[in-house]
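I have placed the structure first, in the form of C-alpha cells, so that the comments after it can refer back to it.
Bear in mind these aren't lab numbers, they're just calculated from the coordinates by the rules spelled out. Because the structure is predicted, anything quoted here is derived from the model rather than measured. All Cβ positions, glycine included, derive from the backbone under ideal geometry; neighbour counts span all protein chains shown.
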Amino acid sequence: MSDLTRATRYGVLRGDIEHEIEIKRSRFICYLSRVESQTEAREFVELIRAEHRLARHHCTAFVIGADRMIQRSNDDGEPSGTAGLPMLEALTLFTRPQEPTPDLSDTIAVVVRYFGGVLLGAGGLVRAYSDSVSQALALAKFYTRQRMRLFSLAAPHAEAGRWENELRSSGIEVLGTDYETHNASIRLAVTDAEETISLLEQRIASLTQGTAALTDSGVSWVDVSR
C-alpha cells in the first residue's frame with residue numbers, strides 16, 4: 001500500500017477462516033481471507049469456485065485499503081441485494097474485540113451456497129448470508145496493521161540479545177535481528193509520531209549508554225499483535 005497519509009491503523013485477519021451453517025437444508029459455507037488488492041480478491045474467488053464447482057452460488061464481498069475505500073459485493077445469481085450487500089455490511093460493521101469502532105479491512109468473504117430445495121425468501125437470504133459472515137468473523141483472530149516509523153539499531157553481537165529483550169519489555173515493536181559480520185542490526189518499529197520517536201531515542205540512549213544511534217528506515221505498514 002502506498003497511501004501513508006490518512007488512516008494510521010486498522011484491523012486485518014491473522015489467518016483464513018472457514019465456517020459452515022445450514023438453514024432449511026441449504027448449506028452456506030463462508031470463507032474469509034486476507035487480500036490487499038482487487039486482483040488478489042478475484043484470484044481467491046476463483047479458487048473457491050474451483051473447489052465448489054457444483055454449488056449454485058458463490059457470493060462475495062470485500063473491503064480493501066487503510067481507509068476502506070475499496071468495497072465491492074456480488075450476489076452471484078441470488079436476488080439483488082440479498083447476498084453480497086449483507087455480507088459487505090457484516091464486514092464493514094464488524095468491531096474487533098477491545099476496539100471502539102469498526103476498522104476491519106483487506107478482507108474478502110466468499111459464501112458458497114448449496115441449495116437445499118427450500119426457498120428462504122428475501123429476508124431469509126439476507127439473514128443467512130449476513131449470519132454466515134458474522135459467525136465466521138466471530139471465530140477469527142486479528143492483527144492491528146499500523147503505520148509505523150522503522151529504525152535499525154546496530155548492536156555488538158554480545159549485547160544484541162539483551163538489548164532486544166529489554167526493548168520488547170519496554171513495549172517497543174521488535175521486528176527481528178539480523179546478525180552480520182561485525183555486528184547485529186535490530187529492526188524496530190514505533191508509532192509514526194514525534195513524541196513516540198523522541199521516547200524511543202531516549203530509551204536507546206539509556207540502554208546503550210550513548211554508544212549507539214538509530215538509523216531511520218522510513219515509514220511502512222506493520223502488523224502488530226495489539
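Side notes on the structure shown:
- Scanning residues 5 or more positions from Leu120 or on other chains, none has an amide H under 5 Å from its amide H, with H placed 1.01 Å from N in the peptide plane.
- Rounded tilt (10° steps) of 121-139 against the dominant C-alpha axis of the chain: 30 degrees
- Inter-part distance where region 57-73 and region 92-109 are each reduced to a Cα centre, Å: 12 Å
- Per-residue packing, averaged as other Cβ atoms within 10 Å, sorts the ranges 102-115, 45-58, 140-153 into the order 102-115, 140-153, 45-58, beginning with the highest.
- Our coupling estimate for region 76-89, obtained by passing each phi through the Karplus curve with A = 6.51, B = -1.76, C = 1.60 and θ = phi - 60°, is 6, x, 6, x, 3, x, 9, 10, x, 5, x, 5, 5, 5 Hz, Gly and Pro reported as x.
- Calculated [θ] (222 nm, deg cm²/dmol) that DSSP helices of n ≥ 4 give over the chain, each run adding -39,500 (n - 2.57): -10000 deg cm²/dmol
- Distances between placed amide hydrogens fall under 5 Å for Phe142 paired with Arg14, all partners being 5 or more residues away or on another chain.
- Between 0 and 90°, nearest 10: helix 194-208 axis offset from the chain longest Cα axis: 50 degrees
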